[in-house]
Amino acid sequence: MIGNDPGRALLSPAHANSIGLSTASGAAWQMLGFVSLTGCGYIVSVMLARSFGPVAFGVYGVVYSVLMASEQILRLGVPQALTKLIAGSGAADSTKLEATGVSLGLLINLAGFAVLWISAPWLADWLEVENGTLLFRIALLDIPFYGLYRVVVHILNGRRD
């Protein structure tokens, strides 16, 4: 603490140093997580490509690309908005925001899931994926779960948890 003012304790060099170390540590762990995720993803892709062969791996790539694009589009900015709103609200308002965000995220993702489920035969024909309707529908089962996962992660970020 600097002087007799308890409010100035946050400005002390020791506190600033601990914040800097905490930030650097968090950044290092985040980087390590991204590096390991990317490395493992690459290893899995190589293993899949070698075991599937070029044609089957190409089909996998098309189905996975559609799934990833759909999941990113269906976010519609809701999780990011939740982070900002929850971080700026009080504890009482936060609960209502979280419930609304989970409901909205689930409704958006279920609607997108339904549209994509119905359009799976058209997607399979358009992208020329043999037996694609079944493959797309299996992949699409992930959409509601991914949507809820993203909402929950952003809620926790808004709470700073």
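Close contacts from region 62-79, counting a first residue that is in contact (Cβ under 8 Å) with a residue 12 or more places away in the chain and closer than 18 Å to residue 102 by Cα and a second that is open to solvent by 70 Å² or more (accessible area, probe 1.4 Å) and aliphatic (A, V, I, L, M), with Cβ to Cβ under 6 Å and a gap of 6+ residues or different chains, come to 78/104.
Residue count for region 52-71 under the criterion of being open to solvent by less than 40 Å² (accessible area, probe 1.4 Å) and of a type in the set (Gly, Ala, Ser): the result is 4.
For region 128-144, a residue qualifies if it is assigned to a helix (DSSP H, G or I), among the aliphatic types (A, V, I, L, M) and open to solvent by 60 Å² or more (accessible area, probe 1.4 Å), and the qualifying residues are 134, 135, 138.
Given the structure, is residue 155 hydrophobic (A, V, I, L, M, F, W, C), more than 22 Å from residue 49 (Cα to Cα) and touching a residue at least 60 places away in the same chain (Cβ under 8 Å)? Judged against the criteria, residue 155 is a match.
Cβ separations smaller than 7 Å between residues 6+ apart or across chains give the following pairs from region 34-56 residues that are under 23 Å from residue 127 (Cα atoms) to residues that are open to solvent by 50 Å² or more (accessible area, probe 1.4 Å) and part of a helix (DSSP H, G or I): 48/57; 48/60; 49/57; 52/60. Restricting attention to region 107-145, the residues that are touching a residue at least 40 places away in the same chain (Cβ under 8 Å) and of a type outside the set (D, E, K, R) add up to 11.
The set of residues in region 72-91 that are assigned to a helix (DSSP H, G or I), small (Gly, Ala, Ser) and open to solvent by less than 80 Å² (accessible area, probe 1.4 Å) comprises 81, 87, 88.
The values are calculated or read from the model by the stated rules, or taken from the named source; none is laboratory data. Note that the structure is predicted; figures quoted are calculated from it, not measured. Neighbour counts run over all protein chains shown; Cβ positions are idealised from the backbone, glycine included. In case anyone asks, the SASA skips ligands and DNA or RNA and just uses the protein heavy atoms, side chains included. Shrake-Rupley method; radii C 1.70, N 1.55, O 1.52, S 1.80 Å.
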